[in-house]
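Visitor: Here's a structure for you.
Please treat every number below as a calculation from the coordinates, not as lab data. All figures in this text were calculated on a predicted structure; none of them were measured in a lab. Heads up, the Cβs are rebuilt from the backbone with ideal geometry, glycines too, and the neighbour counts pull from every protein chain shown.
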Amino acid sequence: MTDNSEPLVIVTQQDHAALLTLSRPAKKNAMSDGLLEELIAALRKVGSDDDVRAIIICGAGSCFTSGRDTSEFEENALLQDMSVDKAVDIFLEALTLLIESPKPTIASIHGMALGGGQAMSLACDFVVAERDARFGNVEMAYGFPAAMNIALLTRHVGRRIGLEIAMTGDLYSAGQYHQFGLINRLADPGALESETRIFVKTLTDRAPWAIKRTKSTYRLA
């Protein structure tokens, strides 16, 4: 919770889909430990709800998320000596819940998904994004190696493209990511919600046991 007790992750339900909205709009939904704790709790709750057949992650305000809230890291925390491991662990738990969820997970992205935000999109099964959304492994520009992003990129794209995205830290358009196979559906600006709903309805209309078995089999394969 924030100081004024407003939730950092808002949970709503649309038909058989749970919508989890990252809600720190004034901070571009930067993922603080508090936000991640609420996200983890929400993922566990909707994951055990038999009425929920799909899980959507989106962001409030101007963007999906700008990534991890590095202002919470200690000044002397360095990746070289593993002193940021504690900060990494909670984020890894959230990503793992998305990856291992038996229910399909969908990132619905507008504005930007940078650094940890890009990693979150890669951890989801599917991505629907507005055409003007931007993605990037921007931590490279600050001297941080592409740890989780590179691990997740290897699941989705070939070595040359994945390594280029990870190493350069350049910004990419949603159109480019769609060409790379990292985005399933593109939405015109302002049409993200409706495009996401159409895509998700196809998933929630299918038999839940068949969806669960298909995802688990795909992971094994």
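Visitor: Find, to one decimal place in angstroms, the Kirkwood hydrodynamic radius of the chain, where the mean of 1/r is taken over every pair of different Cα atoms and then inverted.
Guide: Numbers: mean 1/r = 0.0570 Å⁻¹.
About 17.6 Å, per the Kirkwood formula over Cα pairs.
Visitor: Going by C-beta contacts inside 10 Å, put Phe91, Phe135 in order with the fewest on the left.
Guide: Details: Phe91 20, Phe135 28.
Listing Phe91, Phe135 from fewest to most nearby Cβ atoms yields Phe91, Phe135.
Visitor: Across segment 9-220, how many lysine pairs separated by 8 or more positions, or lying on different chains, have Cα atoms within less than 27 Å?
Guide: 14
Visitor: Turning to a different aspect of this structure: Give me Asp69, Asp89 ranked fewest to most by other Cβ atoms within 10 Å of their Cβ, as a rough exposure proxy.
Guide: Details: Asp69 21, Asp89 10.
Final ranking by Cβ density, sparse to dense: Asp89, Asp69.
Visitor: Would you calculate a helix-derived [θ] at 222 nm for the chain, using -39,500 (n - 2.57) for each DSSP H run of n ≥ 4 and dividing by the full residue count, to the nearest 500? All intermediate terms of the calculation are to be shown ahead of the outcome.
Guide: Numbers: 8 runs with 92 residues, N = 221.
Rounded to the nearest 500, it is -13000 deg cm²/dmol.
Visitor: Percent relative contact order of segment 105-214, based on C-alpha pairs within less than 8 angstrom and at least six residues apart?
Guide: Numbers: 170 pairs, mean separation 32.4, N = 110.
Relative contact order here is 29 percent.
Visitor: Give the order of Met167, Met140 when sorted by the count of other beta carbons within 10 angstrom, beginning with the fewest.
Guide: Details: Met167 13, Met140 18.
By the 10 Å Cβ count, ascending, the order reads Met167, Met140.
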